[in-house]
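Let me begin by presenting the structure, written as C-alpha cells, before commenting on it.
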Amino acid sequence: SPVARPAGGKLRAQVVLGLNVVALRKTFLWKGLMSLKDIKAVLQGKTYAQVKKALGADPLSLVSELKIIVGGTSITSIRDPKDLIVIMSGSFDSSAILKKLITIPLPTGVPKLTIERLGGKEVIRAGRKAEAIALVATGPHTLAVCAASMLDPAIKGDLSAGNAAIAAQLKTLPTGLLAWLAFGAFEMPGGAGGGSGGSLPMLAAISKITAGTVLVKWSKKGWTATNRLELATPKAAQALLKFVDMMKLALKSSRGKKGAPPPLVAALLDSTSAKVTGKVALFQLTVTDSHFQKLMNLIWSKL
C-alpha cells in the first residue's frame, strides 16, 4: 500500500457530499459559494492562475459533477477536515490534464512533478508528509485530488473509503438530485446524558444515529430537502419523531412572545413533515426559493 494509516483508529469516510455542478450554476447558491472568502482566495491565488494557464481553460468550467469525501477516524473529523478526496467529473480528458499539470513551473529546489502508475491509475504526487497531496486519473473523464492519507480509496474508486454504512447509503441514492449527503454512524452531542439539567430524557434514546442521507432537489418552484435517518431501534425513531413534534408545539406556543425564534426559523419548521417506518425516520422540508435564499444568506453571514 502506498499510504500508511494513521494511529488512533481506522481511517475511513465519515461524510460524502455530491454536487450537480451544472444544475447548481443555475441557482443563487453558486454565486454565494463563489463569494465565500476561502473559495475566493483559492480562485484568485497564484496556483489557480498557473493551473488555468496550463490547461488553457478555467478548471471550474470543465466540471459537471463534484463528490467530496471527508475521511477520518470519527465523525468529529469533519470539524477540521484533513483527510479529503475531491472527485471531479466533466468534459475533460483526465490523462491529458495530468500531462499538462506537470508542465507548471515549480520553485527552485522543489522536485519536478512526474506521472506514475499506482493500482493501474495515473497518479501525480506532490508535497511532503502532512501536506502531501495526489492527483489521480480515476476514469477517462474523472479526476480525484486527495490528501496522501486518502490515496488508497481514491485509486480504488471507493467513495465510502471502507465505511460499510456509507456504502449502503450510496446504493439508495436516486437520480436527478441537485446535491446529496451520505453519512455513517454518529452520536449527537449531549444526547446520552438525558434526564438532568433540564434536558429531555428522550434525547438519550435518539442520540445515536447509525447512518443517513440528505437529498436536495431544486426547481423554479422551490427547494425540497429529504433527510433519512437510521436509528438503533424503532423505539428510538419514534422518540425522534416525538421530539420534533414537541419542538413544533413549543414553537407554535411561543409565537409573538419574547424570545421566540425568528420568523424564518418558524417558517422552516412549519414546512417540515415527518414520518417513521421501523428504525428509519424521514423528514422532508419544502420551501420557496425566497425562503431558502434567506436561510443561506443567514448561514453565509456566519462563515
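Descriptive notes on the structure:
- Computed on protein heavy atoms with a 1.4 Å probe, the accessible areas place Thr142, Thr288 in the order Thr288, Thr142, largest first.
- Residues of segment 45-143: accessible area per residue with a 1.4 Å probe, Å²: 58 Å²
- Taking θ as phi - 60° and the Karplus parameters 6.51, -1.76 and 1.60, the scalar couplings of segment 169-181 work out to 5, 4, 6, 9, 5, x, 8, x, 8, 7, 7, 8, 9 Hz in sequence order, x denoting glycine and proline.
- Between Lys156 and Lys99, the FRET efficiency from the beta-carbon distance, with R0 = 30 Å, is close to 0.85.
- For segment 32-132: rounded, prolate or oblate by the Cα gyration tensor [a/c cutoff 1.5]: rounded
- For the peptides 104-114, 33-43, 63-73, the ranking by mean Cβ contacts within 10 Å, running from highest to lowest, is 63-73, 33-43, 104-114.
- Protein accessible area in segment 19-152, 1.4 Å probe - carbon and sulfur %: 60 percent
- Share of pairwise Cα-Cα distances greater than 16 Å in segment 15-78 is 61 percent (whole percent).
The values are calculated or read from the model by the stated rules, or taken from the named source; none is laboratory data. What you see is a predicted model, and the numbers here were worked out from it, not measured in a lab. Glycine also receives a Cβ, built like all others from the backbone with ideal geometry; neighbour counts cover every protein chain displayed. Heavy atoms of the whole protein, side chains included, go into the accessibility calculation; ligands, DNA and RNA do not. Shrake-Rupley method; radii C 1.70, N 1.55, O 1.52, S 1.80 Å.
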